[in-house]
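Have a look at the structure below, then the notes.
The values are calculated or read from the model by the stated rules, or taken from the named source; none is laboratory data. For clarity, every value in this text was computed on a predicted model and none was experimentally measured. Reconstructed Cβ throughout: ideal geometry from the backbone, glycine too, with neighbour counts over all protein chains shown.
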Amino acid sequence: MFNLRKTRRTLRKLFRKACEPVEQPIVDLASGIPNYKPPQEVLDAVSKAFNMDLCYTSPRGLLDLREKLSEKIEDEHGIYYDPDNEVLITHGASEALYSVLVVMLKDSRKILVPTPHYPFYKHQILSLGGKLLTYPFGTNIPFSKSLAFIEKHVVSSRDKYAILINSPHNPTGKVLSRKEVEELSEFIEERDVIVIWDEVYEKIIFDGEHYTLANIQESRSKVVFINSFSKTYAMHGWRIGFIYGPSRIIDEVFKIHKAITLGLNPIPQLAALAALNTNKKYIENILNILRKRRNTILSRLKRMEAFDLAEGQGTFFLFPKLKLPGMSCEEFVKVLQNNGVKVLPGKAFNEEGYVRISFAHAGLDEIEQALGRIENVVTKIIKSRQ
């Protein structure tokens, strides 16, 4: 007969033993920083820029870059955004989100955030004096349930709301389907709701498509999009992002943006322009590399009894539920760390009971090594219960 008390004692002993540091390099399955390099065209543009006579640029960003982004958006979604007043270059996606949140909160809007979620959402909202309101979202949750939860807030209150959508989603990898996006469009049509769509992982999709409210003309006036070049083009730390949306919102965001940073660094902007002109094979090659890593992790995790995995369709991340009674996710993460594997607990994303595993930073050989270590730890824990 299974004895939970005895199992917990055994697990505590195992935990103490496993927490003793092991002399071996740690494989990083926590970082979301890609280990691939930017396109050569981007590196060449930066090298060339240092020999140019550069100075302050327009607070809205280089016009050539805004025009190229407008062209990209129309090509991919079929709707035109005016580069003069509907596209804004920002100091990374973080500044973009911050500026948008300031505008929403000044308009007395409450922000609804998906859970689990990228930790920065919470930090920014709270730093601005807002209140964190969450709705359930993820690969194991039908979007209709997410909308039903949101509707309870919106309908039962006289308050105004902004809904933050993150698709592709960090940390679960969920990508909203065309049908789900259309349901969202219908939901916001007759309500005083603004959607803030974080789409920084737009190109990191393995199954499905990046279909958004930018594909639906009727929703155009109620959504603002946040994006960057960090994930797609490995330009992390270059601090180059952009926002697009209706001019009435972008004009208000621009006031905040201009107060924060009068002029953006011209070099990352020139690099971003070069990235947009990069051959599509660059992204295809990156996706092939990431897909191999993802498939390797999926196939191994599915064979381990310790995890319940609902696989997402995009991003660099998997978010399995931990199934080890008597051991918390924080304890499990610490055990893995001391056995040479670094992952993140779900608590960091406001979701207990899960771990986030990233395949952005480690190569395939390192991932294989890490999975062997994880399997070894899980086997020891499960045997201790028998």
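Exactly one residue out of LEU101, LEU97, LEU62, LEU112 is of a type in the set (A, V, I, L, M), within 27 Å of ALA49 (Cβ to Cβ) and buried (at least 21 other Cβ atoms within 10 Å of the Cβ): that is LEU97. For region 246-255, check the following and say yes or no: at least one residue is modelled with pLDDT of 95 or more, outside any helix (DSSP H, G or I) and either outside the structural domain of ILE73 (by TED's automatic domain parsing) or crowded, with 16+ Cβ neighbours inside 10 Å (or both). Within region 246-255 (the criterion being modelled with pLDDT of 95 or more, outside any helix (DSSP H, G or I) and either outside the structural domain of ILE73 (by TED's automatic domain parsing) or crowded, with 16+ Cβ neighbours inside 10 Å (or both)), the answer is yes, since at least one residue qualifies. Pairs are defined by a Cβ separation below 8 Å, a sequence spacing of at least 6 or placement on different chains, a first member in region 62-80 that is assigned by TED's automatic domain parsing to the domain that holds ALA49 and at negative phi, and a second member that is of a type in the set (Lys, Arg) and assigned to a helix (DSSP H, G or I); the pairs so defined are ILE79/ARG220.
In region 364-386, what residues are under 20 Å from LYS292 (Cα atoms) and either in the same structural domain as TYR233 (by TED's automatic domain parsing) or surrounded by 15 or more Cβ atoms within 10 Å (Cβ to Cβ) (or both)? Across region 364-386, the qualifying residues are GLU366, ILE367, GLU368, GLN369, ALA370, LEU371, ARG373, ILE374, GLU375.
Among the residues here, HIS210 qualifies as in a loop (DSSP other than H, G, I, E, B), farther than 29 Å from SER47 by Cβ and either among the acidic types (Asp, Glu) or in contact (Cβ under 8 Å) with a residue 60 or more places away in the chain (or both).
Within region 306-323, if we keep just the residues that are within 19 Å of the chain's Cα centre (by Cα) and among the aliphatic types (A, V, I, L, M), the residue that is nearest to LEU344 (Cα to Cα) turns out to be LEU318. Filtering region 21-62 to residues that are within 30 Å of GLN369 (Cβ to Cβ), of a type outside the set (A, V, I, L, M) and in a loop (DSSP other than H, G, I, E, B) leaves PRO21, GLU23, GLN24, PRO25, SER31, GLY32, PRO34, ASN35, TYR36, LYS37, PRO38, PRO39. Counting the residues of region 319-337 that are under 15 Å from VAL27 (Cβ atoms), buried (at least 18 other Cβ atoms within 10 Å of the Cβ) and in contact (Cβ under 8 Å) with a residue 24 or more places away in the chain gives 2. Consider region 148-166 and keep the residues that are without any contact (Cβ under 8 Å) to a residue 12 or more places away in the chain and either of a type in the set (Lys, Arg) or touching a Lys or Arg at 6+ places or on another chain (Cβ under 6 Å) (or both). The one that is nearest to LEU132 (Cα to Cα) is LYS152. For region 228-240, the set of residues classified as touching an Asp or Glu at 6+ places or on another chain (Cβ under 9 Å) and surrounded by fewer than 24 Cβ atoms within 10 Å (Cβ to Cβ) consists of THR232, ARG239, listed by residue number. In summary, ILE297 fulfils each of the numbered conditions (1) out of contact with any Leu (no Cβ under 7 Å at 6 or more places or on another chain); (2) touching a residue at least 40 places away in the same chain (Cβ under 8 Å); (3) assigned to a helix (DSSP H, G or I) with the single exception of condition (1). Assessment of region 305-312 against the conditions (within 18 Å of GLY32 (Cα to Cα), outside the structural domain of TYR118 (by TED's automatic domain parsing) and in contact (Cβ under 8 Å) with a residue 40 or more places away in the chain) yields at least one matching residue.
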